[in-house]
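Undergrad: Below is the structure I would like to discuss, written out as structure tokens.
Each reported figure results from applying straightforward, stated rules to the coordinates on display, with no laboratory input. Just so it is clear, the structure is predicted and the values come from calculations on it, not from any experiment. We place every Cβ from the backbone using ideal geometry, glycine too, and count neighbours over all the protein chains shown.
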Amino acid sequence: MKKQLSMSFFEDELAGARTNKKEFLEQIDRLIPWGEWEKKIEPHYYKGERGNKPCELELMLRIYVLQNLYNLADMAAKNEVIDSRAFSQFCRVESSNQVPDGDTIGGFRNILTKNHLQKSCLATWSGS
């Protein structure tokens with residue numbers, strides 16, 4: 001009798017598969033001082049006093065990093081995080097419901113730009 005394969009078997013197999021993109025993103029994940037960057041951005045980030053609950057700062061920051069590494073527009077970044085297992089693992093999302101829309105991604109990028117936080121974070125990363 002043949003054993004029926006479950007979806008969890010395939011998910012485990014895919015999660016364990018090594019690709020150049022996954023390995024590259026794992027290196028980036030280890031190199032970036034996420035906590036330091038979050039501390040710099042948090043005072044400028046949307047608090048959610050009115051309107052929608054804000055997305056997690058770390059998620060937004062991870063999507064922003066992917067945008068810059070892969071030259072992605074806001075909507076393209078959203079789609080890639082949903083479509084690419086390597087990107088979703090890097091962003092630590094398990095469901096497409098966790099991924100913010102393109103407008104939210106663009107709003108986060110604008111916060112960083114308006115407050116000159118990209119250069120500040122990169123200086124922290126490079127040790128300057």
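Undergrad: Just add up the charged neighbours of residue 68: K/R +1, D/E -1, any other residue whose Cβ is under 14 Å from the Cβ of residue 68.
TA: Values: positive: 62, 109, 119; negative: 74, 80.
Surrounding charge for residue 68 is +1.
Undergrad: How much length, in nm to one decimal, is gained on full extension between residue 96 and residue 58, taken as 0.36 nm per residue of separation minus their Cα-Cα distance? Don't skip to the end; give the middle numbers.
TA: On the way: separation 38, 0.36 × 38 = 13.68 nm, distance 1.64 nm.
Gain in length upon complete extension: 12.0 nm.
Undergrad: Here's a follow-up. Which of the residue pairs 21/78; 53/119; 40/114; 21/114; 22/53 have a Cα-Cα distance greater than 24 Å in the structure shown? Write down the numbers at each step before the final one.
TA: Numbers: 21/78 17 Å; 53/119 27 Å; 40/114 13 Å; 21/114 31 Å; 22/53 30 Å.
Flagged as over cut-off: 53/119; 21/114; 22/53.
Undergrad: If you stretched the chain out fully between residue 29 and residue 110, how much longer would it get, using 0.36 nm times the residue separation minus the C-alpha to C-alpha distance? Mind dumping the intermediate values first?
TA: Numbers: separation 81, 0.36 × 81 = 29.16 nm, distance 2.28 nm.
This chain segment gains 26.9 nm when fully extended.
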